[in-house]
Amino acid sequence: MEFEELKRVWEMQNSEVLFVVDAQSLHRRITSKKNKANRTLNFTEWLVLIANIASATFVMATTFFNSSLRISAYLLSGWMFMTAIYVAISRIRRIKGDAAYDRSMQGDLHHAIAMASHQVRLSQLMRWNILPVVALVLLVVWEGGKSIWMVTGIVIFFALTYWASGWEHRFYQTRKRELEILKGKLENG
């Protein structure tokens, strides 16, 4: 090879793009993350709805048929019903808002981030919801004259629940942050 040929090959290699982003593969990955966020959020919303409605119904029924009027038990049932109603309304608003996102790569990414943000807010709200629930449960138990061991068991159970919900909340925050980092990388090239 002559020097001119080597020079020409060198220049051709320098003009080639070294890194290429496979747009279809990236879009599939974003769609996969969006679908995963959607499944997780739907499961969480339904779990919160069913758990609160079932618990509130159980507490109300046992209090009603027990024939002893405990205002705290009715307050606990009311609180759980209100929590379920709030989550149901929030879910309906979220689903109605899904139509605002286009089905492009950018739109799917924004949609995934919005769902992850909703999951983080719901997780934080349910974590704080533990505090009034435990207060009302302890009031119900105290009014019922239950033993100190039962109160201790309830406090330990709710403390473990609060700790686990913190772990879960941090997990959802990490997922959201990953999507935001991906968004930043796409916007900055």
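Summary table below
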| item | result |
| --- | --- |
| Test result for residue 168, within 17 Å of residue 44 (Cβ to Cβ) and part of a helix (DSSP H, G or I) | yes |
| Residue match in region 139-161 (condition: on the phi < 0 side of the Ramachandran plot, in contact (Cβ under 8 Å) with a residue 40 or more places away in the chain and of a type in the set (D, E, K, R)) | yes |
| Qualifying residues in region 132-156 (those that are of a type outside the set (Val, Ile, Thr) and in contact with a Phe, Trp or Tyr (Cβ under 8 Å, 6 or more places away or on another chain)) - the one surrounded by the fewest Cβ atoms within 10 Å (Cβ to Cβ) | 132 |
| Qualifying residue in region 118-132 (condition: more than 17 Å from the chain's Cα centre (by Cα) and part of a helix (DSSP H, G or I)) | yes |
| Test: residue in region 90-100 that is open to solvent by 30 Å² or more (accessible area, probe 1.4 Å) and of a type in the set (Val, Ile, Thr) | yes |
| Matching residues in region 172-188 - criterion: being out of contact with any helix residue (DSSP H, G or I) (no Cβ under 6 Å at 6 or more places or on another chain) and either open to solvent by 100 Å² or more (accessible area, probe 1.4 Å) or of a type in the set (Lys, Arg) (or both) | 177, 185, 187, 188 |
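Listed here are the residues, each with its yes/no results for (1) assigned to a helix (DSSP H, G or I); (2) closer than 30 Å to residue 186 by Cβ; (3) at pLDDT 85 or above.
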| residue | (1), (2), (3) |
| --- | --- |
| 24 | yes, yes, no |
| 43 | yes, yes, yes |
| 53 | yes, no, yes |
| 60 | yes, no, yes |
| 83 | yes, no, yes |
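The values are calculated or read from the model by the stated rules, or taken from the named source; none is laboratory data. Owing to the predicted nature of the structure, the values given are computational and were not obtained by experimental measurement. Neighbour counts are summed over all protein chains in view; Cβ atoms, including those assigned to glycine, are modelled from backbone coordinates with ideal geometry. The protein model used for the area step is the full one, side chains on, heavy atoms only, and it has no ligands, DNA or RNA in it. Shrake-Rupley method; radii C 1.70, N 1.55, O 1.52, S 1.80 Å.
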